[in-house]
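Chemist: Below is the structure I would like to discuss, written out as structure tokens.
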Amino acid sequence: MRSLATLLCTAALALPAAAAPDADPLRSPACTQALEALQAARVAGAAGVEALRQAAARACLGLAGPPQRIGRPIEPPTVVPPPVIEPPRPPAPRSAPAPLPPPVEIGRPPAVTGCDAHGCWADDGTRLQRVAPHQVGPRGPCTVQAGVLLCP
């Protein structure tokens, strides 16, 4: 098996370069001559540059016929109009704000001004009745918190 592989490699090396299937057409003498002629015509500004270009393509790319363009035809660029951005509209004029409600009056807790055997009098003029250990105001029992009498 090894001798067969060696024989095939030796036979492939012995073939001439023109007979090798993967000979590079870009390095062929015909390609080099066609490219030189094309370049000289371009520099000189001579007519027939398109024919020389096609000849160079056939020689260098191994084409049998004229080269074919691949892809879509060249089109002018699409013109897109710039975006139109409208400035924001000013807000509609607001009506005058409604007047603020009057401030809520938070009453201070009543202070005891004087007491007797049946109850106490508060500084707002109410009578606080004594019921067991508590004082009872006009709306319910009162409590003492931090030295302040709180009546509902």
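The values are calculated or read from the model by the stated rules, or taken from the named source; none is laboratory data. Keep in mind that what you see is a predicted model, and the values were worked out from it rather than measured. FYI the Cβ positions are ideal-geometry reconstructions off the backbone, even for glycines, and counts take in every protein chain you see.
Chemist: Failed condition for VAL49, given (1) surrounded by fewer than 10 Cβ atoms within 10 Å (Cβ to Cβ); (2) modelled with pLDDT under 85, with all others met?
Modeler: (1)
Chemist: Also, quick follow-up: Which pairs turn up if I take residues in the stretch 100-127 that are within 17 Å of PRO138 (Cβ to Cβ) and look for partners that are modelled with pLDDT under 80 and surrounded by fewer than 10 Cβ atoms within 10 Å (Cβ to Cβ) with beta carbon separation below 6 Å, at least 6 apart in sequence or on another chain?
Modeler: TRP121/GLY114
Chemist: Only one of (1) assigned to a loop (DSSP other than H, G, I, E, B); (2) modelled with pLDDT of 85 or more; (3) polar (S, T, N, Q) is not met by GLN39, so which one is it?
Modeler: Checking GLN39 against (1) assigned to a loop (DSSP other than H, G, I, E, B); (2) modelled with pLDDT of 85 or more; (3) polar (S, T, N, Q), the one that fails is (1).
Chemist: Need at least 1 residues that are in contact with a Phe, Trp or Tyr (Cβ under 6 Å, 6 or more places away or on another chain) and among the small types (Gly, Ala, Ser) per element, so show me which strands (runs of 3 or more DSSP E) inside the stretch 75-152 make the cut, counting only ones lying wholly within it.
Modeler: 112-115
Chemist: Moving to a separate point now. Testing TRP121 on (1) exposed (fewer than 10 other Cβ atoms within 10 Å of the Cβ); (2) of a type outside the set (Gly, Ala, Ser); (3) touching a strand residue (DSSP E or B) at 6+ places or on another chain (Cβ under 7 Å), one condition comes back false. Which one is that?
Modeler: All conditions are met except number (1).
Chemist: Sort through ALA47, ALA56 and tell me the only one that's farther than 30 Å from GLY140 by Cα and in contact (Cβ under 8 Å) with a residue 24 or more places away in the chain.
Modeler: From the options ALA47, ALA56, the qualifying one is ALA56.
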